[in-house]
Amino acid sequence: MVTLSPGLKARLAPPLKIGSFEVGSRVLQSPLSGVTDLVFRRLVRRYAPSSMMYTEMVNATGLHYVKALPKIMEIDPNERPISIQLFDCRPDFLAEAAVMAVAEGADTIDINMGCPVNKITKNGGGSSLLRQPEVAEAIVRSVVAAVAVPVTVKTRIGWSDKEINAVEFAQRMQDAGAQMLTLHGRTRAQGYNGAARWEWIGRVKEALSIPLIANGDIFSVAAAVRCLEETGADGVMCSRGTLGYPFLVGEVDHFLKTGELLPAPTPVERLACARDHLEMLWAYKGEKGIRQARKHMTWYAKGFLNAADLRGQLAVIENLEQGVTLIDRAIEQLNQQGWQSEAEEMPQLVEV
Ligand SMILES: Cc1cc2nc3c(=O)[nH]c(=O)nc-3n(C[C@H](O)[C@H](O)[C@H](O)COP(=O)(O)O)c2cc1C
């Protein structure tokens, strides 16, 4: 049972202010490379119309040399509020990319200082900036000087357990002109393992005057509420909890505004959403969209009898018709038989 305390409700009632830009929700959809394209964001926005969304991270060096807008940077003119996330280590390239992002319609520019992937960190981007705070500072100053929209930073609590520098780093980004910071409560060394350490988010919150968004392990309304209570953060950002579940941001937003839990979508509703996702990916990206849809489809097909079989089939679809036929057949079966959970199908997974 989750409850919304009057104190938390009142604290979160005013709009989130990112510099002069106001956002009508304290729940944000994180940037997820390979996931948060225009199609996915459109689905999340069905349930969370006022939430801030982020593009997948965009390589500023790539933009500098190619000079053409990659598809991952495209914004639908009707989607607001929206931030374009950039990564790189060169302040001048990032400033140039930020100008292009604003021309595309970004309401804010976010700089990725948290990505743990080797390919990114060995080139000086992502979380390796935690070890180069002077470069990170120069980046923020350079981007702030180049664009009129607010500039924000998304980072982790440190490089490793021996190098946790979230408080000093966050203050430095604020002093350089960042208007909001999102903190993922893990070190780079943790990757996505272990629990997110929300206590560090609380410490950083106390040290900042700009808004701080808490990130890491927000998989449910209850987790979001607990995180906001424990950290004092100004908002929460949902990430892996939205994979195959574009309802999460809207569920948390609705609860924080009303104190009411929305009914969880049924397996049929989730599969209907999967079918929309597949059709939209096909319409937007063609065959490439079908290849990308495979992973999304397997994330949706969970929690009902025979879901594992369906996942196996959806993982190898070759075209739109195959996917739609599989999903429609599963929906028909669920409608006829009612649904049993996967746990009932696999009793060994049920906790006793
Ligand atoms: C598949 C995947 C892609 C991601 N891509 C990005 C990205 O492009 N930019 C970014 O700042 N973080 C990215 N992240 C990190 C998430 O935004 C988030 O910080 C992290 O997953 C922690 O939150 P969680 O524990 O709720 O998942 C990615 C994470 C995953 C799992």
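The values are calculated or read from the model by the stated rules, or taken from the named source; none is laboratory data. Everything numeric here is computed off the predicted structure, so don't read it as measured data. Positions of Cβ are generated from backbone atoms using ideal geometry, with glycine treated the same way; all protein chains shown enter the neighbour counts. The area values use the complete protein model at the heavy-atom level, side chains included, leaving out ligands, DNA and RNA. Shrake-Rupley method; radii C 1.70, N 1.55, O 1.52, S 1.80 Å.
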Review point. Over all pairs of distinct alpha carbons, what does the Kirkwood formula give as the hydrodynamic radius of the chain, in Å?
Key: 21.0
Exercise for review: Could you please state how large a percent of the accessible area of the chain is carbon and sulfur, counting protein chains only and using a 1.4 Å probe?
Suggested key: 53
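Probe of 1.4 angstrom, ligands and nucleic acids ignored: what's the accessible area per residue over the chain, in square angstrom?
Details: 15100 Å² over 352 residues.
With the other protein chains kept in place, the chain gives 43 Å² per residue.
Trypsin sites (Lys or Arg not before Pro), restricted to the stretch 32-139: which are DSSP loop and have at most 12 other Cβ atoms within 10 Å?
Working: sites: R41, R42, R45, R46, K67, K71, K119, K122, R131; in loops: K67, K122.
Those that pass, being in a loop and sparsely packed, are K67, K122.
Restricting attention to the stretch 285-330, which trypsin sites (Lys or Arg not before Pro) occupy a DSSP loop and are surrounded by at most 16 other Cβ atoms within 10 Å? Mind dumping the intermediate values first?
Values: sites: K285, K288, R291, R294, K295, K302, R311, R329; in loops: K302.
Passing both the DSSP loop test and the Cβ count: K302.
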**Study point:** For the stretch 6-258, share of DSSP beta bridges that run antiparallel, in % to the nearest 5
**Key:** 10
Check your understanding: Which of the lysines could be linked to K119 by a straight reach, that is with a Cα gap under 28 Å, when you skip same-chain ones fewer than 8 residues away?
Key -> K67, K71, K154, K162, K285, K288, K295
Review point. How far is helix 198-207 tilted, in degrees, relative to the longest principal axis of the Cα atoms in the chain, given as a value from 0 to 90 rounded to the nearest 10?
Key: 30
